[in-house]
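The values are calculated or read from the model by the stated rules, or taken from the named source; none is laboratory data. Since we're looking at a predicted model, the values are computed, not measured. Cβ placement follows ideal geometry from the backbone for every residue including glycine, while neighbour counts extend to all protein chains displayed. Accessible surface is based on the protein model in full, side chains and every heavy atom, while ligands, DNA and RNA are left aside. Shrake-Rupley method; radii C 1.70, N 1.55, O 1.52, S 1.80 Å.
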Amino acid sequence: MSGRVDVNAYVGGWPFRSLPWRDLPALSARLRRAGIEEVWLSSFGGMLQSDPHEVNAELARLCAQASALRTYPFATLNPVLPDWNEDLRQIAEVYRMPGIRLHPGYRGYDLERDGCQELCAEAARRGLLVQIAVHLEDERTQHPRFQVPAVDCRPLPKILARFPKLTVILLGYRFTHADLDLELARSGRVFFDISNAEGTGVVRRLVQRLGAQCLLLGTLAPLFYPEAAIGKIDEAQLSETDRKVIERDNAHRLLMAAGKPL
């Protein structure tokens with residue numbers, strides 16, 4: 001496919017407010033209007049439900065159906081649960097998903113403890129991509145009884161050193177720690193979507209500072225309008241090569257590394 005790849009979208013109901021395009025047909029049509037032809041999809045249900053097994057099974061069934069988009073399911077897992085290893089086995093062997101999407105902020109664990117490193121190690125052993133939802137909803141609009149901080153990514157360099165086969169995609173990363181940003185980008189095994197990158201000319205500055213090879217198009221639809229992320233790339237006035245790298249080629253390279261056909 002020659003169109004854009006969105007590496008950060010969700011399906012299902014958001015628990016705190018009503019969202020448009022919550023089902024896959026509506027979401028697919030909306031993303032296609034924005035020139036997106038492939039989407040990496042997770043379910044909002046997996047973020048908060050006590051056991052994400054049924055959510056992941058439904059996501060696999062949903063993505064196997066005919067759609068206006070080529071859809072890649074990314075399961076949600078909770079490393080605090082005692083049976084996460086069996087869930088991961090099913091994701092890899094039964095559903096044959098390309099990766100997983102973790103939500104430490106919503107599950108109440110950090111990257112250093114509570115089984116997260118063990119989960120990352122097993123995912124890497126199985127060749128799965130690991131997405132980490134660093135930030136979703138703006139703090140100013142979060143429910144007053146459900147305040148979720150951004151994930152602390154400072155432990156990542158040590159985790160990467162410990163597990164050399166691990167590939168991490170940070171979703172909603174805000175690029176506020178210049179030294180850490182550069183260290184992660186230079187590892188060649190950490191990628192960032194641009195859904196929460198903020199400021200005039202932000203994508204152009206990121207390309208200049210970190211390089212296009214670590215950046216990905218992520219819309220965070222339906223929480224955000226997909227055109228918001230695409231507008232950041234339009235504004236950057238990148239070369240055609242850099243634009244294709246961010247909008248498609250990096251995502252395809254990651255899928256191929258995970259053994260998934262394009």
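Points to keep in mind about this one:
- Within the stretch 14-32, tally of residues that are surrounded by fewer than 15 Cβ atoms within 10 Å (Cβ to Cβ) and either touching a residue at least 24 places away in the same chain (Cβ under 8 Å) or touching a Ser or Thr at 6+ places or on another chain (Cβ under 7 Å) (or both): 5
- Of the residues in the stretch 180-188, at least one is in contact with a helix residue (DSSP H, G or I) (Cβ under 6 Å, 6 or more places away or on another chain) and among the hydroxyl-bearing types (Ser, Thr, Tyr).
Here is a yes/no grid of residues against (1) closer than 21 Å to residue 35 by Cα; (2) free of Cβ contacts under 8 Å to residues at least 12 places away in the same chain; (3) touching a Leu at 6+ places or on another chain (Cβ under 6 Å):
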position: 167; (1), (2), (3): no, no, yes
position: 181; (1), (2), (3): no, no, no
position: 191; (1), (2), (3): no, no, yes
position: 203; (1), (2), (3): yes, no, no
position: 221; (1), (2), (3): yes, no, no
position: 227; (1), (2), (3): yes, no, no
position: 248; (1), (2), (3): yes, no, no
position: 255; (1), (2), (3): yes, no, no
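- Of all residues making up the stretch 63-92, the number that are more than 17 Å from residue 256 (Cα to Cα) and outside any loop (DSSP other than H, G, I, E, B): 12
- Some residue of the stretch 226-245 being open to solvent by less than 60 Å² (accessible area, probe 1.4 Å) and at pLDDT below 95: no
- Any hit, the stretch 127-142, residues being part of a helix (DSSP H, G or I) and open to solvent by less than 30 Å² (accessible area, probe 1.4 Å): no
- Residue in the stretch 74-94 that is over 21 Å from residue 152 (Cα atoms), surrounded by 16 or more Cβ atoms within 10 Å (Cβ to Cβ) and touching a residue at least 60 places away in the same chain (Cβ under 8 Å) present: no
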